[in-house]
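The values are calculated or read from the model by the stated rules, or taken from the named source; none is laboratory data. Keep in mind it's a predicted model, so treat the numbers as computed, not measured. No Cβ is skipped: glycine too gets one built from the backbone with ideal geometry, and neighbour counts run over all protein chains shown. Accessible surface is based on the protein model in full, side chains and every heavy atom, while ligands, DNA and RNA are left aside. Shrake-Rupley method; radii C 1.70, N 1.55, O 1.52, S 1.80 Å.
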Amino acid sequence: MSIRIAFIGAGRMASAIVRGLLDKEHYAPEEIACTCGDDPTGPALAEATGIQFLEDITPALYEAEAVVLACKPQQFAAISPELAEAARGKLILSILAGTPLTRLSEKFAHARNVVRTMPNTPGQIGAGVTAYAPLRELSDKDNTIVENTLSSLGNFHEVEESDLDAVTALSGSGPAYVFEFAAALREAGVNCGLDEGLADALAIDTLLGAAMLLAETEETPEALRDAVTSPGGTTAAALKVFQTGGFRSLVDQALAAAKARSLELAAE
């Protein structure tokens, strides 16, 4: 059975995609190949999943229908003309942060299409969200490949490439904001007299439950917030502190800073 999809890079996100593709039976293990840099990720992924690890993946690209770029940005710059030529006529799917379609299409000038994506780290457990932008309108076949690949990480949305820097600021970097808030809740709980382990468990379960409720109801975040808030009560006292401290303004400034940095990285 020939190689149908090849991964350049075998880190956490590539591993998540491979496992998802196999779990959903979009490909058989022998139809997937990967390579990696000077690290053990490729052999480890191959051993864990049964896919093929190839030190030189260039020959496999000639028979593949799609190539997933999952290497580090500095490794992308080192991709050889021979490898790029082997990808002639293939679909290129990139998960490289900050690498615009112009740069991707310059490297893979003869690809049949190029797709830039912005996944996030919960994709490692199939709970992520990915935005993607194709260089050109996708054919039905390529649309299926893209959707099968990205659904392995969780939900996905097609956007204009001009939106990807804002997407990076919101959902790409967003898990870090949530983790920071979880750490702040834990720390505040300890300061209120709770045992650290209990404060940690309460913070995690509160965030998880609130997110699940938000996802499963048609109510807005504001409506759900108001449902918890009694006039003059404990929640109202806490929310007043957030409002006085400019909580929403801080979040707005944080996303603006992340977007600006994403634009800078794309221009470097």
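Of everything listed in (1) open to solvent by 30 Å² or more (accessible area, probe 1.4 Å); (2) at pLDDT 95 or above, the single unmet condition for A78 is (2). Only one entry in A33, A44 is among the aliphatic types (A, V, I, L, M), within 22 Å of the chain's Cα centre (by Cα), surrounded by 14 or more Cβ atoms within 10 Å (Cβ to Cβ) and assigned to a strand (DSSP E or B), namely A33.
Beta carbons closer than 6 Å, at least 6 apart along the sequence or on distinct chains, pair a first residue in region 251-268 that is over 12 Å from S173 (Cα atoms) and part of a helix (DSSP H, G or I) with a second that is open to solvent by less than 60 Å² (accessible area, probe 1.4 Å) and acidic (D, E) for L263/D165. Looking at region 195-245, the helices (runs of 4 or more DSSP H) lying wholly inside it that each contain 1 or more residues that are more than 29 Å from the chain's Cα centre (by Cα) and closer than 20 Å to A184 by Cα sit at 196-216, 234-244. Does A183 qualify as being open to solvent by less than 40 Å² (accessible area, probe 1.4 Å) and under 18 Å from A256 (Cβ atoms)? It is false that A183 is open to solvent by less than 40 Å² (accessible area, probe 1.4 Å) and under 18 Å from A256 (Cβ atoms). Contact map, region 44-64: first residue acidic (D, E), second residue loosely packed, with under 14 Cβ neighbours inside 10 Å, Cβ cut-off under 7 Å, separation 6 or more or different chains; pairs are E63/S2. Find the residue count for region 139-175, including only residues that are free of Cβ contacts under 8 Å to residues at least 60 places away in the same chain, of a type in the set (G, A, S), assigned to a helix (DSSP H, G or I) and open to solvent by less than 60 Å² (accessible area, probe 1.4 Å). Selection size over region 139-175: 2. As a summary of the residue check, G174 satisfies the conditions (1) under 30 Å from L91 (Cα atoms); (2) in contact with a Lys or Arg (Cβ under 8 Å, 6 or more places away or on another chain) except for the one numbered (2). For region 1-30, the set of residues classified as farther than 21 Å from I79 by Cβ and either open to solvent by less than 40 Å² (accessible area, probe 1.4 Å) or hydroxyl-bearing (S, T, Y) (or both) consists of S2, A16, G20, L21, L22, Y27, A28, listed by residue number.
Contact annotation: residue pairs with Cβ atoms under 7 Å, 6 or more positions apart or on different chains, pairing a residue in region 209-228 that is farther than 17 Å from A182 by Cβ with a partner that is open to solvent by 70 Å² or more (accessible area, probe 1.4 Å), are P221/L214; L224/L213; L224/L214.
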